[in-house]
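Each value in this text was obtained by applying a stated rule to the coordinates, not by laboratory testing. Note that the structure is predicted; figures quoted are calculated from it, not measured. Backbone-built Cβ (ideal geometry, glycine too); neighbour counts: all protein chains shown.
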Amino acid sequence: MDILVLHSSRFGHTTSIAGRVAEHLQQAGHHCDLGPLERNTMVDPQQHGAVVVGASVRYGHFTRAVWHFARRNAERLSGMPSAFFGVNLVATKPGKDQVDTNAYTRKFLERTPWEPTLREVFAGELDYPAYNPVDRFLIQQIMSRTGKPTDSSVHEVYTDWERVDRFSRDFAKVVARGYACGDVGTD
Ligand SMILES: Cc1cc2nc3c(=O)[nH]c(=O)nc-3n(C[C@H](O)[C@H](O)[C@H](O)COP(=O)(O)O)c2cc1C
């Protein structure tokens, strides 16, 4: 099957996770088109039989493009296997690392008409050297509240890659079974 794997990423970490998901799906025998999610991205069911979207949080929100995409494509997506994963640093905290307990991801899924077959949240990356001074300062404030590093030389990846691989395997099963809307068991 041809699978569209989209990423909404500011510093490239969500792109890396999406790349790893695409690699897995390719190993499972699918062809993947990997690319950025943009404001006008539309799903073409003639071209793709399944869709994965990954998006990072910046100052409390997924980008508008992600919301637009979910609203405009909800109907098309409801007829095919689809998956969404959110990426953020709050998900580094135990108790805020599940779809239902990670407020950004839960609210997004509650407020869009798209009902992805599979949903996940991953802890992201902290990369102070890559940030401009204002972003660095503000992220340091957020990190100090959660007991995470505030030293501006820190570059740390908190993503559990095993969990990414599990998500990829689960989505390969969803695709194989042709599941569309709603939660599914992926034994
Ligand atoms: C400017 C900025 C703002 C951020 N705001 C939040 C936030 O509000 N909540 C959160 O949990 N993580 C926040 N993060 C963390 C990012 O979601 C995390 O670093 C993620 O890995 C970024 O992925 P990306 O490189 O694909 O954009 C922020 C990061 C940056 C650089």
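If one computes the Cα centroid of region 106-171 and of region 77-96, what distance in Å separates the two points?
Distance between centres, Cα-based: 10 Å.
Can you put Glu115, Glu120, Glu156 in order of Cβ neighbours within 10 angstrom, beginning with the fewest?
Glu156, Glu115, Glu120
Relative to the longest principal Cα axis of the chain, at what angle does helix 13-27 sit, 0 to 90 degrees, rounded to 10?
30 degrees
Taking the beta-carbon count within 10 Å as an exposure proxy, list Asp165, Asp151 from fewest neighbours to most.
Asp151, Asp165
Expressed as a whole percent, how much of the Cα-Cα distance distribution for region 116-163 exceeds 17 Å?
40 percent
Between Gln141 and Gln46, what is the FRET efficiency for a Förster distance of 45 Å, r being their Cβ-Cβ separation, to the nearest 0.05?
Between Gln141 and Gln46 the formula returns 0.40.
With N denoting the number of residues in region 1-55, provide Rg(C-alpha) divided by 2.2 N^0.38 Å, to two decimal places.
1.07
For region 38-187, report the convex hull volume of the alpha-carbon atoms normalised per residue, in Å³, without decimals.
For region 38-187, the hull spanned by Cα atoms encloses 119 Å³ per residue.
Expressed as an acute angle from 0 to 90° and rounded to the nearest 10, what is the orientation of the C-alpha long axis of helix 161-177 relative to the principal long axis of the chain?
So the helix axis and the longest Cα principal axis differ by about 20 degrees.
Based on the alpha-carbon gyration tensor of region 52-136, what equivalent-ellipsoid semi-axes (square roots of 5 times the eigenvalues) come out, in whole Å, largest first?
Equivalent-ellipsoid dimensions as semi-axes: 25, 15, 10 Å.
For the chain, give me the percentage of DSSP beta bridges that are antiparallel, rounded to the nearest 5 percent.
15 percent
What does the net charge come to around Val121 if you take all other residues with beta carbon closer than 10 Å to its beta carbon, with K and R at +1 and D and E at -1?
+1
Before anything else, pin down the relative contact order of the chain: Cα pairs under 8 Å, at least 6 apart, normalised by residue count, whole percent.
22 percent
Could you give the angle, 0 to 90 degrees to the nearest 10, between helix 133-145's Cα long axis and the longest principal axis of the Cα atoms of the chain?
Taking Cα atoms only, the helix is inclined about 90 degrees.
Rg and Dmax in Å for region 106-187, alpha carbons only: what are they?
For region 106-187, the Cα radius of gyration and maximum Cα-Cα distance read 17.4, 48 Å.
What net charge do the residues around Ser56 carry, taking every other residue with its C-beta under 14 Å from that of Ser56, with Lys and Arg at +1 and Asp and Glu at -1?
So the environment of Ser56 carries a net charge of -1.
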